[in-house]
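Here's the structure, in structure tokens; my notes come after.
The values are calculated or read from the model by the stated rules, or taken from the named source; none is laboratory data. Just so it is clear, the structure is predicted and the values come from calculations on it, not from any experiment. Here Cβ is always computed from backbone atoms with ideal geometry, including for glycine, and neighbour counts include all displayed protein chains. Keep in mind that these areas ignore ligands, DNA and RNA; they rest on the heavy atoms of the full protein, side chains included. Shrake-Rupley method; radii C 1.70, N 1.55, O 1.52, S 1.80 Å.
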Amino acid sequence: MGRTDTRADAMRPTLATSRGFFAVAVIIVVVGCAIVFRHRWIVTRIDIVSGIVALGALAYSFRLADPAPMTDEAVKRDELLSQFAVFVVFLAFYAITAGSDTSPYNAHVRQAFAFIHGHTYIDAPNYIEHAQVGAYSYQLHPILPAILLMPFTAIWGMDTNQNYFSIIVGALDMALAWRLLGRFHLTVNARKWLTVFFGAGTIIWYETVNGGSWGVSMVVAILITLIAFDEMFDKGRPAVVGFFAAIAGLARYDLVFVWPVYLALLLFWRRRSIRELFWFIPGCALTAAIYVTFNFIRYHSPFDRGVVYYMPKDQQTLFAFRFFPGNFFTLFFMAPGLDANFPYIHPTFGGQSILTTSPAFLLALKASCRRIETVLIAMGALIAVTPSLFYVGNGSAQFGTRHYLQAFPVLLLLMALGVHRRIDQMSRILITVSVFMITWGVWYVRFYGLGG
């Protein structure tokens, strides 16, 4: 068995790292439940499950021991255990901070229920955004979340809790972010800071615990995108990268335009041959077939015309340059409001700029443009946000800028590329400020609602 270099200890998680994560998860559940009981709120089933998982995992971790000398197998075990530990921490964190509300905007559950019963139309009450085509109602959101929900809907039917699904997927997002960051030359401490930022310093936290249909689409898109990039920075197999990069487009259509960036990374950075790149195509073909078939069944068109049917006839222009100024302002300049009423600072109903929710994204600018992968990834981020900049709406009722969540994994990559092994003081300050801003937003919306 091979040995690991003891000098690499700061670069890899240890058994103690995972135990620390499990202990944090237990503390989150205990403190959270104490607050819930103190205010006579409701402890949910996912609160209880997260507590049991955290306590059980912590107890199990003490049954493990590191061999002496340390082996490659033990290193791999510790890495996998740390990924599970991050999942457990964020499962507990999201479950406790989600409260006991269940979002009524469960369009994905309704779509999954429809699939199980052999049709594409859904039962859509007035509060669910939908396209009305004759006697049939169709949901407006991409199809992938509903596909993933089908096994659960087959068991629980319309009682399937979309919020619980969102919390689990959100926790998986963080475990995958931690795994992806492990592909870079970062210390464990730097990985912790960046993962905390991604999970608690961005509106991913808000959208995950909100559990509405728009948010679920985003957290699923983030999940699949992280898997695609993890493969890119690991073995870089075109077929695997292509499959996940492609199906991410079934959760967020904007991500289809990022496919050429994946191909460019495989060709110019991973040095894959043209012949190997052809294996990228099957995933794209499958995605296109699902997308076109689904739309022909609903709208007799190869394109998703749901929003066109939903919008008033005099407002059916979905993309135009005239929408750019408002969307650009929302993304970079829209700020919370100030007045004399407690808590004095109030999120704007139409959203907040990325700089007033997650200023640590500025760290993406530290990545060196002399590296081909940095340039290509930056292009991917720009491409991912471009359609939303020209879209008819800025996201409307929201905290932050939800139309740009699909680019967050790409920005995280740039942040990782810009960190030179260790995280510096300014980075810690920006991440701390980001976590504070998102905490304020989640708290405000929970107790005061959007717009006060």
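Details
- Counted by Cβ distance under 13 Å from W193, the other residues give a net charge of +4, where Lys and Arg count +1 and Asp and Glu count -1.
- Surface composition of the range 336-442: carbon plus sulfur atoms contribute 71% of the solvent-accessible area (1.4 Å probe, protein chains only, all chains present).
- Charge dipole magnitude, Cβ of K and R +1, D and E -1 - the range 314-452, Cα centre, debye nearest 20: 480 debye
- At the residue level, E73 shows approximately 100 square angstrom of accessible surface with a 1.4 angstrom probe and all protein chains present.
- Three semi-axes of the equivalent ellipsoid, the chain, Cα gyration tensor, whole Å, largest first: 33, 28, 24
- Length added when fully stretched, I116-D101, from 0.36 nm per residue minus Cα-Cα: 2.8 nm
- Proximal lysines relative to K192, as straight alpha-carbon distance under 27 Å, when same-chain residues fewer than 8 apart are discounted: K76, K235, K366
- The calculated FRET efficiency for the pair F329 and A65, based on their C-beta separation and a Förster distance of 41 Å, comes to about 0.15.
- For the chain, with +1 on Lys and Arg beta carbons and -1 on Asp and Glu, the positive-most of F184, F280, S100 along the dipole: F184
- Rounded to the nearest 20 debye, the dipole magnitude of the range 275-327 is 100 debye, with +1 charges on Lys and Arg beta carbons, -1 on Asp and Glu beta carbons, and the Cα centre as origin.
- Shape call, the range 194-341: gyration tensor on alpha carbons, a/c limit 1.5: oblate
- At full extension, F390 and H185 could sit 70.1 nm farther apart than now, given 0.36 nm per residue minus the alpha carbon distance.
- Here the relative contact order of the range 289-345, from alpha carbon pairs under 8 Å that lie six or more residues apart, stands at 15 percent.
- Our helix-only sum for the chain, with -39,500 (n - 2.57) per DSSP H run of n ≥ 4 divided by its residues, gives a mean residue ellipticity at 222 nm of -18500 deg cm²/dmol.
- Relative contact order for the range 267-409, counting Cα pairs under 8 Å that sit 6 or more residues apart, in percent: 24 percent
- Taking Cα centre as origin and charging only the Cβ of basic (Lys, Arg, +1) and acidic (Asp, Glu, -1) residues, the dipole magnitude of the chain rounds to 860 debye.
- Across the range 295-302, rounded Karplus estimates of 3J(HN,Hα) from the backbone phi angles (6.51 cos²θ - 1.76 cosθ + 1.60, θ = phi - 60°) give 6, 4, 5, 8, 10, 6, 8, x Hz, Gly and Pro being marked x.
- Computed label-point distance, nm, for sites T439 and V133 using a 7 Å Cα→Cβ extension: 4.8 nm
- Local electrostatic count at A221 - Lys and Arg +1, Asp and Glu -1, tallied over other residues with Cβ under 14 Å: -1
- Mean sequence separation of contacting Cα pairs (under 8 Å, at least six apart), scaled by the length of the range 201-284, corresponds to a relative contact order of 29 percent.
- Toward the positive end of the charge dipole of the range 147-280, with +1 on the Cβ of Lys and Arg and -1 on the Cβ of Asp and Glu, the farthest Cα among M218, G249, I168 is that of G249.
- Simple spin-label estimate for A34 and A285 gives 5.9 nm between the two label positions (7 Å along the Cα-to-Cβ direction from each Cα).
- Anchor K313: aspartates and glutamates whose Cα lies under 19 Å away (excluding residues fewer than 8 positions away in-chain): E129, D304
- Distance between modelled label sites at R446 and M426, nm, 7 Å Cα→Cβ extension: 3.3 nm
- Phi angles of the range 328-344 translate, via the Karplus equation with coefficients 6.51, -1.76, 1.60 and θ = phi - 60°, into HN-Hα couplings of 5, 5, 4, 5, 10, 10, 5, 10, x, x, 10, 7, 8, 8, 4, x, 6 Hz per residue; Gly and Pro are given as x.
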